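Participant: One structure coming up, written as structure tokens, with questions to follow.
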Ligand SMILES: NC(=O)c1ccc[n+]([C@@H]2O[C@H](COP(=O)([O-])OP(=O)(O)OC[C@H]3O[C@@H](n4cnc5c(N)ncnc54)[C@H](OP(=O)(O)O)[C@@H]3O)[C@@H](O)[C@H]2O)c1
């Protein structure tokens, strides 16, 4: 794989792990429904093989690294960001390949939260005489890469990142709906980099009617071929104009229109424009039930979705407790106006004591703007311990033959 193949020397396990993390980053956003994993085979302090998860159906990171190492893998050490799989999925167990290659020692960081892992890789590899070592996720890089996968495996739905641009006085558009542009060019480029890493972008039909966006990934000179995520428009009754840009057949990628009770002729017309129309349950107000829509995307294999607005749809996600991460771009300008909207509508909470809490992860100045990245305090996908605690609960429940396993028992 790319530059990682240049046989670097690694003085320590930490350095070897950094190479494995770099390999995983190269495939982040390209592996769903699988997680992006990186692996390196190290022999006498030299990297002799590097690998990362291949697209679904392709080999896992360990197998790619072992193949790259060839005979040099015999007696070598394997460093991998995630516990090797022990089960037959679309590919055979990685533990079989590790044993067959004659690896002497395996070091990994994160435990696999897939229920098929059984007793775990340490038990399988240990029985074959292989030393197994757990490494610390020193700066949280591994957990960050795995969070979307962990969220989907545990809940059936993808991880939700809510991105918005707002003015210093907290508006995402003026009172007349004018919103281009709030943030600067550098911030907007960053959003396209984010689109390149997710499986789907979600907006409401209000954003299509107001802004007529393309929702594609537009990046010049990107370090890898860009990806255009699935476009998802929540449009309960099929109000979307047939000449909306997201329906342009010349656009790369595809569009889903999520409806509740769109008239049959509207659904047929949208389909004739190339969109996939899905009918989902309605919420109390007859609008698309956002939890059902996320479960639909989870069944399609989406690990990570980007919620791009506007306020009404964001409010529905907030009210349902379905925002895991926020990327807020704050531009140093004010527009004011009682009718100008903030980023999140919906019913909201009535008491400050009931506010949803977030942990700020990152604050950065981008041109004139400020980006704040924050994780919902309730989301455990980034916390290794949280997920492991739930997984242990799941494992002990599973060991009882009378127990029926529900996703909510696990994470
Ligand atoms: N600055 C930013 O970052 C940013 C980002 C996005 C948008 N905006 C601005 O926001 C404005 C559009 O705002 P908006 O709030 O109308 O857009 P929106 O939230 O994207 O769309 C709202 C529409 O989505 C449909 N919908 C389907 N299911 C829903 C559900 N469960 N909950 C809520 N709505 C649901 C509703 O129409 P049906 O009932 O017909 O289904 C609703 O009218 C535009 O002016 C745009 O410029 C700004």
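Participant: Please state the shape class of the chain: rounded when a/c is under 1.5, otherwise prolate if a/b exceeds b/c and oblate if not, all from the C-alpha gyration tensor. Display every interim value, and only then the final one.
Facilitator: Values: a/c = 1.90, a/b = 1.71, b/c = 1.11.
Taking the square roots of the gyration eigenvalues as a ≥ b ≥ c, the chain is prolate.
Participant: Taking the simple approach of a point 7 Å from Cα along Cα-to-Cβ for both residue 71 and residue 116, what is their distance in nm?
Facilitator: The answer from the label model is 3.4 nm.
Participant: Here is a follow-up. Let me have the relative contact order for the stretch 160-243, percent, based on Cα pairs under 8 Å that are six or more residues apart.
Facilitator: Values: 73 pairs, mean separation 23.2, N = 84.
The value is 28 percent.
Participant: Label-point separation (nm) for residue 354 and residue 292, each offset 7 Å from Cα along Cα-to-Cβ?
Facilitator: 2.4 nm
Participant: So what is the 222 nm mean residue ellipticity for the chain from helices alone, if each DSSP H run of at least 4 adds -39500 (n - 2.57) and you divide by all residues, rounding to the nearest 500 deg cm²/dmol?
Facilitator: Working: 11 runs with 114 residues, N = 411.
Dividing the helical sum by the residues of the chain leaves -8000 deg cm²/dmol.
Participant: Here's something else I'd like to know. With r as the distance between the Cβ atoms of residue 180 and residue 334 and R0 = 25 Å, compute the FRET efficiency 1/(1 + (r/R0)^6) and round to 0.05.
Facilitator: Details: r = 17 Å, r/R0 = 0.67.
Computed FRET efficiency for residue 334 and residue 180 comes out at 0.90.
Participant: List residues of the stretch 111-154, by number, whose backbone nitrogen lies under 13 Å from a label position 7 Å along Cα→C-beta of residue 105.
Facilitator: 130-135
Participant: Rounded, prolate or oblate, given the Cα gyration tensor of the stretch 245-318, with a/c below 1.5 counting as rounded?
Facilitator: Details: a/c = 1.64, a/b = 1.24, b/c = 1.33.
Because a/c hits 1.5 or more and a/b fails to exceed b/c, the stretch 245-318 counts as oblate.
Participant: Can I ask one more? Have a look at the DSSP beta bridges in the chain and tell me what percent are antiparallel, nearest 5.
Facilitator: Values: 26 of 62 bridges.
Rounded to the nearest five, the antiparallel share is 40 percent.
Participant: Here is a follow-up. Provide the FRET efficiency to the nearest 0.05 for the residue 276-residue 362 pair, computing r from the beta carbons and using R0 = 25 Å. Write down the numbers at each step before the final one.
Facilitator: Numbers: r = 35 Å, r/R0 = 1.39.
It comes to 0.10.
Participant: Related question: With contacts defined as alpha carbon pairs under 8 Å and 6 or more residues apart, what's the relative contact order of the stretch 110-260 in percent?
Facilitator: Details: 145 pairs, mean separation 23.0, N = 151.
That works out to 15 percent.
Participant: When a footprinting reagent is the concern and you count Cβ atoms within 10 Å, what order do 141, 111 take, fewest first?
Facilitator: 141, 111
Participant: For helix 185-195, what angle does its Cα long axis make with the longest principal axis of the chain, in degrees from 0 to 90 and rounded to 10?
Facilitator: 60 degrees
Participant: Just to confirm the number: angle between the C-alpha axis of helix 13-26 and the first principal axis of the chain, 0 to 90 degrees, nearest 10?
Facilitator: 40 degrees
Participant: For a label point 7 angstrom out from the Cα of residue 261 toward its Cβ, which stretches of the stretch 216-250 have the backbone nitrogen within less than 19 Å?
Facilitator: Flagged as within label range: 234-240.
Participant: Taking R0 as 22 Å, what's the FRET efficiency between residue 212 and residue 189 from their Cβ-Cβ distance, rounded to 0.05? All intermediate terms of the calculation are to be shown ahead of the outcome.
Facilitator: Values: r = 21 Å, r/R0 = 0.94.
Working from the Cβ atoms, E equals 0.60.
Participant: Let me ask something additional. Rounded if a/c is under 1.5, else prolate if a/b beats b/c, else oblate: with a ≥ b ≥ c from the C-alpha gyration tensor eigenvalues square-rooted, which is the stretch 68-138? Write out the running numbers ahead of the final one.
Facilitator: On the way: a/c = 1.59, a/b = 1.20, b/c = 1.33.
Oblate is the answer for the stretch 68-138, as a/c is 1.5 or above yet b/c matches or exceeds a/b.
Participant: Note the angle between two axes, namely the Cα long axis of helix 141-155 and the longest principal axis of the Cα atoms of the chain, as a number of degrees from 0 to 90, rounded to the nearest 10.
Facilitator: Long axis of 141-155 versus the principal axis of the chain: about 70 degrees.
Throughout, read-outs are computed from the coordinates displayed, never taken from laboratory work. Just so we're clear, the structure is a prediction, and the values are computed from it rather than from any experiment. Here the Cβ is made from the backbone with ideal geometry for all residues, glycine too, and neighbour counts use every protein chain on show.
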